[in-house]
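One structure below.
The values are calculated or read from the model by the stated rules, or taken from the named source; none is laboratory data. Predicted model, so just to flag it, every value in this text is computed and none were measured. Cβ: placed from backbone, ideal geometry, glycine included. Neighbour counts: every protein chain shown.
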């Protein structure tokens with residue numbers, strides 16, 4: 001029974017990772033950059049919820065998503081857009097700078113001590129000896145819904161198909177009349193909104209928020225994106241869920257639980273070495 | 001260590017490059033299919049064909065960027081199939097690139113000095129501790145690089161960053177850098193691409209000059225028919241990865257099959 | 001002309017040597033404050049970190065986000081050696097040398113291990129790998145037993161003679177500079193820069209890319225490890241919390257601020273940032289302390305955009321600091337423009 005509980009918890013955590021990983025993978029596919037600040041958007045989402053929680057939890061969640069969308073767009077316009085066409089190293093360092101800036105700003109406004117943000121107390125579902133938090137179930141259901149919706153959006157909507165086109169070949173997409181800047185903006189907006197949503201589920205799981213909260217899930221979600229193959233949307237989902245399950249099982253074993261993060265990072269390194277294209281990614285080689 | 005046995009043509013000239021049945025497949029696509037080459041010492045050999053015929057892929061096979069799925073090739077009788085790009089270069093195959101690849105943030109003379117690095121030994125310890133060997137080798141790199149730049153009329157730009165050179169001179173610098181590695185066989189990938197007629201003429205003169213001066217064998221890919229007809233002795237025409245025609249330049253250029261492949265029916 | 005350039009090659013050694021001598025005279029005459037001596041130690045350690053990171057980021061062109069990880073290895077292993085040997089050998093130079101040797105070598109081995117992925121990975125993937133490495137190292141030391149490396153409490157290390165330890169630190173800075181600078185200004189350095197500029201062309205020019213990437217990562221790690229050993233000597237306790245991702249970023253900020261591939265720039269900015277860190281720590285207390293980080297973040301973003309944005313290319317060429325100060329350079333630039341127009 002304990003096994004089943006751990007498994008369900010893993011699936012649910014994996015759902016959150018998948019949601020964040022989607023942001024990484026979409027931005028990577030379309031803007032060809034690793035948005036290092038993506039994890040910190042989660043943190044911003046969490047604090048936005050704190051600010052609006054006095055109104056109503058639903059309003060707070062919507063406010064967080066809207067604010068993160070705007071933040072994502074602003075960051076892209078101010079920090080990343082001027083560097084389009086510059087060396088990848090420059091873009092990456094800027095992204096690190098943005099991450100650092102968001103963390104510091106949050107620390108200045110909210111202090112470095114953890115804030116308790118209780119969105120709702122959902123209780124625990126008990127079936128026989130199996131006990132699972134309602135938050136876990138909600139997370140799982142919501143993340144599945146989000147993934148299905150996003151897949152449908154990318155596959156069938158005009159904007160979604162334009163996104164695929166831009167990720168395949170930016171130049172050709174532009175010649176076909178696609179407004180690449182607009183597509184990149186939309187990608188950042190969607191990714192950031194998903195990150196805000198992820199923060200809701202993190203808060204339901206454990207109601208604390210610190211300025212550096214986002215970095216660790218950020219890196220883990222990136223790991224998930226790499227496992228699935230960066231640039232691939234179904235890959236991000238599979239990778240996220242896989243990583244979530246691995247994490248929960250590692251934590252369930254007392255002997256290795258302190259090393260959970262180290263294990264996950266080792267998986268990342270080994271995977272990058274053995275199969276850098278991930279499970280579903282495409283191999284891109286530089287043309288000589 | 002494989003045995004090195006020099007190969008000679010019927011007329012007694014040494015064969016520098018011999019490629020047998022080179023094939024490479026990417027997924028289902030046969031990019032190069034059964035290409036054979038036989039280039040004699042001192043020859044200027046042209047590799048032509050329409051876009052996407054697999055010319056650059058042949059270069060990539062010969063320089064170790066790709067490994068052939070089938071077939072082997074020999075430089076002066078030595079089997080080099082499957083070696084890495086750096087090893088290929090050390091064995092004596094140097095190349096230039098279709099889209100210029102210089103070391104943009106190094107100066108012009110440093111670009112050439114990088115090419116000379118394997119010519120004059122100087123190990124890490126000698127360099128870090130500034131032993132006499134280091135000073136001597138640095139001086140030699142500099143002097144030999146300057147000599148080479150003079151051949152290419154680039155000596156007055158020696159302290160410029162490579163990125164700041166005009167296009168035509170960048171192409172020449174790339175050839176100079178390749179020459180610095182003291183190759184037996186020089187592969188030029190569309191050396192005249194993007195050049196105006198004056199620059200092309202100047203380039204043709206330089207190629208003829210280095211060929212005589214350094215007694216080198218050259219294989220070149222080119223679209224400019226004037227350049228090909230003007231300096232190449234023999235040609236291989238590729239089409240869809242296979243050989244369409246092989247022979248003396250004038251013969252091949254008048255071959256109806258070749259004209260058809262280039263101009264269409 | 002020739003003489004001038006050779007003087008320029010040694011200017012940073014001379015300046016650092018001179019500063020050290022002045023400080024020694026000051027401390028012998030009792031003017032140098034203990035707090036200044038501590039600041040000097042910090043500065044020296046930061047210079048070593050910045051110069052060694054610059055080798056990988058500025059010259060090899062690969063982003064490493066795990067530099068603090070190498071320092072962590074050096075600090076823990078060197079510190080442990082010092083703690084063991086301090087009793088039988090005395091807390092003197094001999095122990096220090098042993099600690100430096102062990103710390104440097106172990107960090108170098110880690111550099112080799114990180115260099116291996118660097119052979120296959122590029123850019124973002126490599127950056128995240130180095131980051132993961134740094135975190136793994138930290139997690140491992142954090143979870144060690146109390147007897148081995150102190151675990152969460154940290155490792156107790158012998159504090160070296162306070163008054164003149166900064167002299168040793170500066171000697172180490174000179175050694176770092178000697179090795180890395182001589183490497184860069186040799187054919188090996190040219191090869192490393194060639195790999196940065198165009199890896200495919202470098203291979204085709206006969207450069208053994210594998211070898212040079214490993215050399216770059218190993219040397220960079222060794223000096224970060226040595227800096228870590230020195231760090232452990234300046235503290236009574238080494239805690240793995242210090243060597244987190246933010247510390248790696250701070251070193252990266254120093255390198256970027258000093259200009260990529262500019263060793264003297266890295267030195268100046270290491271001094272500047274360390275000094276500013278302390279001054280700001282005095283001024284900005286409590287919640288305001290974070291203002292420092294905000295300033296660094298904004299500076300980092302602004303500098304990278306200013307130096308790299310394609311749209312600002314014309315502006316950069318027009319207002320080039322070097323050009324304003326050197327007429328010779330300006331003349332050269334104008335002749336370059338003439339060449340461009342001619343073609």
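Observations on the model:
- The one condition from (1) farther than 30 Å from residue B:104 by Cα; (2) free of Cβ contacts under 8 Å to residues at least 60 places away in the same chain; (3) buried (at least 22 other Cβ atoms within 10 Å of the Cβ) that residue C:135 does not meet is (2).
- Filter result (more than 9 Å from chain A (Cβ to nearest Cβ) and outside any helix (DSSP H, G or I)) within the range C:275-321: C:284, C:285, C:319, C:320
- Within the range B:203-239, tally of residues that are touching a helix residue (DSSP H, G or I) at 6+ places or on another chain (Cβ under 9 Å) and in a loop (DSSP other than H, G, I, E, B): 5
- Of the residues making up the range A:31-70, those that are part of a helix (DSSP H, G or I) and within 23 Å of residue C:131 (Cβ to Cβ) are A:31, A:38, A:39, A:40, A:41, A:42, A:43, A:44, A:45, A:46.
- Residue in the range A:182-203 that is free of Cβ contacts under 8 Å to residues at least 24 places away in the same chain and over 22 Å from residue A:64 (Cβ atoms) present: yes
- The single condition among (1) in a helix (DSSP H, G or I); (2) touching a residue at least 24 places away in the same chain (Cβ under 8 Å) that residue C:149 does not meet is (1).
- Single residue of C:146, C:199 found to be touching a helix residue (DSSP H, G or I) at 6+ places or on another chain (Cβ under 7 Å), surrounded by fewer than 19 Cβ atoms within 10 Å (Cβ to Cβ) and either within 9 Å of chain B (Cβ to nearest Cβ) or at pLDDT below 90 (or both): C:146
- There is no residue in the range C:163-178 that is in the same structural domain as residue C:239 (by TED's automatic domain parsing) and more than 26 Å from residue C:268 (Cα to Cα).
Condition check ((1) under 20 Å from the mean Cα position of the chain (by Cα); (2) surrounded by fewer than 24 Cβ atoms within 10 Å (Cβ to Cβ); (3) within 14 Å of chain A (Cβ to nearest Cβ); (4) outside any helix (DSSP H, G or I)) across all residues:
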position	(1), (2), (3), (4)
C:48	yes, no, no, no
C:51	yes, no, no, no
C:55	yes, no, no, no
C:65	yes, no, yes, yes
C:72	yes, no, yes, no
C:77	yes, no, no, no
C:82	no, no, no, no
C:97	no, yes, no, no
C:103	yes, no, no, no
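- Top-ranked residue in the range A:76-94 [being touching a helix residue (DSSP H, G or I) at 6+ places or on another chain (Cβ under 7 Å) and closer than 16 Å to residue A:41 by Cα; ranked as surrounded by the fewest Cβ atoms within 10 Å (Cβ to Cβ)]: A:79
- Checking every residue in the range C:20-39 against the condition of being within 18 Å of the chain's Cα centre (by Cα), part of a helix (DSSP H, G or I) and surrounded by 19 or more Cβ atoms within 10 Å (Cβ to Cβ) gives zero matches.
- Flag set for residue C:204, criterion: over 30 Å from residue C:32 (Cα atoms), within 14 Å of chain B (Cβ to nearest Cβ) and either buried (at least 17 other Cβ atoms within 10 Å of the Cβ) or out of contact with any strand residue (DSSP E or B) (no Cβ under 8 Å at 6 or more places or on another chain) (or both).
- All positions within the range A:108-140 that are at positive phi and within 14 Å of chain C (Cβ to nearest Cβ): A:111
- Residues that are at pLDDT 90 or above and either outside any helix (DSSP H, G or I) or touching a strand residue (DSSP E or B) at 6+ places or on another chain (Cβ under 6 Å) (or both) within the range A:138-171 comprise just one, A:157.
- Qualifying residue in the range C:163-181 (condition: away from every other protein chain (no Cβ under 14 Å), under 30 Å from residue C:36 (Cβ atoms), touching a strand residue (DSSP E or B) at 6+ places or on another chain (Cβ under 7 Å) and surrounded by fewer than 22 Cβ atoms within 10 Å (Cβ to Cβ)): no
- The listed residue being more than 7 Å from chain B (Cβ to nearest Cβ), part of a helix (DSSP H, G or I) and modelled with pLDDT under 95, out of C:192, C:242, C:218: C:242
- Scanning the range B:131-171 for residues that are within 10 Å of chain C (Cβ to nearest Cβ) and closer than 16 Å to residue B:105 by Cα yields B:157, B:159, B:160, B:161, B:162, B:163, B:164, B:165, B:166, B:167, B:169.
- Residue in the range C:116-125 that is touching a strand residue (DSSP E or B) at 6+ places or on another chain (Cβ under 7 Å) and outside any helix (DSSP H, G or I) present: no
- The residue of the range B:103-129 that is farthest from residue B:59 (Cα to Cα), among those that are within 7 Å of chain C (Cβ to nearest Cβ) and not in a helix (DSSP H, G or I), is B:122.
- Scanning the range B:161-175 for residues that are buried (at least 20 other Cβ atoms within 10 Å of the Cβ) and in a loop (DSSP other than H, G, I, E, B) returns a single hit, B:165.
- Candidate set: the range B:74-91, residues that are surrounded by fewer than 20 Cβ atoms within 10 Å (Cβ to Cβ) and farther than 19 Å from residue B:40 by Cβ; chosen: the one farthest from the other protein chains (Cβ to nearest Cβ): B:81
- Residue C:111 being touching a residue at least 12 places away in the same chain (Cβ under 8 Å) and part of a helix (DSSP H, G or I): yes
- Qualifying residue in the range A:252-264 (condition: within 26 Å of residue A:142 (Cβ to Cβ), under 21 Å from the mean Cα position of the chain (by Cα) and more than 12 Å from chain C (Cβ to nearest Cβ)): no
- Options A:89, A:105: the member that is facing another protein chain (nearest Cβ under 8 Å), modelled with pLDDT under 85 and not in a strand (DSSP E or B): A:89
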